[in-house]
1. May I ask you to list the residues in the stretch 126-142 that are over 22 Å from Thr30 (Cα atoms) and modelled with pLDDT of 80 or more?
2. Hey, Leu8 hits all of (1) closer than 30 Å to Gln126 by Cα; (2) surrounded by 19 or more Cβ atoms within 10 Å (Cβ to Cβ) but one; which does it fall short on?
3. Looking at Val80, Val34, Val86, Val66, can you tell me which residue is outside any helix (DSSP H, G or I) and farther than 16 Å from Leu113 by Cβ?
4. Which pairs do you get when a residue that is over 24 Å from Asp37 (Cβ atoms) and free of Cβ contacts under 8 Å to residues at least 40 places away in the same chain, found in the stretch 117-146, comes within reach of a residue that is exposed (fewer than 11 other Cβ atoms within 10 Å of the Cβ) and of a type outside the set (S, T, N, Q), reach meaning Cβ atoms under 7 angstrom, with the pair 6+ apart or on two chains?
5. Within the stretch 45-61, does at least one residue satisfy the condition of being in a helix (DSSP H, G or I), under 30 Å from Ile131 (Cα atoms) and touching a Lys or Arg at 6+ places or on another chain (Cβ under 9 Å)?
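The values are calculated or read from the model by the stated rules, or taken from the named source; none is laboratory data. Worth saying up front: this structure is predicted, and the values here are computed from it rather than measured. Backbone-built Cβ (ideal geometry, glycine too); neighbour counts: all protein chains shown. The area values use the complete protein model at the heavy-atom level, side chains included, leaving out ligands, DNA and RNA. Shrake-Rupley method; radii C 1.70, N 1.55, O 1.52, S 1.80 Å.
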Amino acid sequence: MASLIDSLINIMNDENRQYTELLDLSNNKTTAIVKGDVGQLQEIFGKEQKLIDVITRLETEREACVTDICKILHLSPSEVKVREIVRLLEKKPKEHDALEQSYLNLKNTVKQLTEVNDNNKQLLKQSMDMIEFEINLARNASMASQTANYGKGAYEENSGLGGGSFDAKQ
């Protein structure tokens, strides 16, 4: 079982490294959103997708490792979380401390990532609201210039550009 615990710790440490990279990208995304740099955002999205693929693979490995540990401990894998395994290892300080540290590091990184992503979500919403406002403003300005040529009787006023006819014979 010690090798399974070591495997779980290694997987969680790998996950934490990937989430830390994702956190760095999310912080870069914040800057790109504020600057309105669409090119940089597209580049970040591509990098994020690659990291998410790696994290998904690591998550599957972690779940398999937890399932194997649960089989040895005669526990239901669907009901056991890593925190429960940490608690069960209290009599083995070396494994307990290493797993707990790995768990807490990963939990902290994911919490930070969630906060940055929530902030980015708000920034994107504000950007979209501003774009919508600017489109409506432009649309209203365009409508105002089209309707400005009418007088009281709803007839088109002379625009002051001359008689309005073209003499091709000249």
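1. Ile135, Asn136, Leu137, Ala138, Arg139, Asn140
2. Here Leu8 meets the rest and fails (1).
3. Val80
4. Short answer, once both residue conditions are applied: none.
5. Yes - at least one qualifying residue is present in the stretch 45-61.
Here is a yes/no grid of residues against (1) open to solvent by less than 30 Å² (accessible area, probe 1.4 Å); (2) more than 15 Å from Asp14 (Cα to Cα):
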site: Glu63; (1), (2): no, no
site: Ile72; (1), (2): no, yes
site: Val80; (1), (2): yes, yes
site: Glu84; (1), (2): no, yes
site: Leu88; (1), (2): no, yes
site: Lys91; (1), (2): no, yes
site: Ala98; (1), (2): no, no
site: Gln101; (1), (2): no, no
site: Val110; (1), (2): no, no
